Amino acid sequence: MSNWVKTILFLIGSALLTHWIPSSFFRNLDTMVHEFGHAVVTLALSGQVQRIELYANHSGVTLSAISQARSWSIIPVALAGYTTASIFAWFLFSAFARGKQQVGFLVMIAISTISLLLFVRNGFGIMFLIGFIALTIIMMAIPIKWLRNFYYLLLAFLCLEESVFGPIYLIQAASRDARQAGDATNLALHTGVPTMVWAIIFTLFALWCAKQAVQAFLGGNKRSRSTNRQSSAYSYRD
């Protein structure tokens, strides 16, 4: 079975699994990472981040100001949201495959804390971040490995699913009204490249990152099973 087929099946399975589990609250993690990507690139290019708002319907917005002299920087800022979310989902699975879940947790907490202190200013966003940070710290401290892994993988699967289906919804939005396709619309206005093309580019990049995530996850599971078999063999005594 090809890696692309595995990726598609993995994404379908992720969508089904995460919709069976009550997970609405945690879907805001992908939104937070998306908006955080916009904010970081804005600051890196000498812009000003006025605030980030996260909403209960899993949408969000980053309000920023960029000088006329650096108007070209709108392009990398607009690119940053979906690409950051896709890379983040890949990172979570890669960390799990290497047995570095604690690193993944710490990165999630760090992004959430920075967002809370510096960027997010609306009521729902603040409450989400406080709740998410507190719950994640508690889950890190729980000495039950399977429960920690379940929580980590729930977040990873949600980020993977949202990072791919978000750009796919962008394609749908662009097909209905090219002026209402978020980041793809902003890129079209400042590059002359059609909105639909940008939506497709975001989707292809998200699928490529998803393929890397699936390969890392499945490869990590194989290595883990191999290590367990070797440990069993060497632990045998007469």
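The values are calculated or read from the model by the stated rules, or taken from the named source; none is laboratory data. Keep in mind that this is a model prediction, so the values were computed, not measured. Every residue, glycine among them, receives a Cβ derived from its backbone with ideal geometry; neighbour counts consider all protein chains shown. Only protein heavy atoms, including side chains, enter the accessible area calculation; ligands, DNA and RNA are left aside. Shrake-Rupley method; radii C 1.70, N 1.55, O 1.52, S 1.80 Å.
Table for the structure above
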{"item": "Accessible area of the chain divided out per residue, in Å², using a probe of 1.4 angstrom", "result": "52 Å²"}
{"item": "Scattering profile of the range 79-153 at q = 0.20 Å⁻¹ [log10 I(q)/I(0), Debye over alpha-carbon scatterers]", "result": "-0.95"}
{"item": "Tail weight of P(r) past 15 Å, computed on alpha-carbon pairs of the range 49-123, percent", "result": "68 percent"}
{"item": "Under 5 Å, built H, 5+ apart or other chain: amide partners of SER64", "result": "GLN50"}
{"item": "Accessible surface of the chain, 1.4 Å probe, proportion on carbon and sulfur as whole %", "result": "65 percent"}
{"item": "The chain - percent relative contact order, Cα under 8 Å, separation 6 or more", "result": "26 percent"}
{"item": "Size of electric dipole in the chain: Cβ of Lys, Arg +1 and of Asp, Glu -1, about Cα centre, debye, nearest 20", "result": "760 debye"}
{"item": "Estimated vicinal HN-Hα couplings, Hz - the range 112-123 in sequence order (Karplus 6.51, -1.76, 1.60; Gly, Pro = x)", "result": "5, 5, 4, 4, 5, 6, 10, 10, 6, 10, 8, x"}
{"item": "Selected from LEU147, GLY123, ALA39, residue furthest toward positive end of dipole (the chain; charges at beta carbon)", "result": "LEU147"}
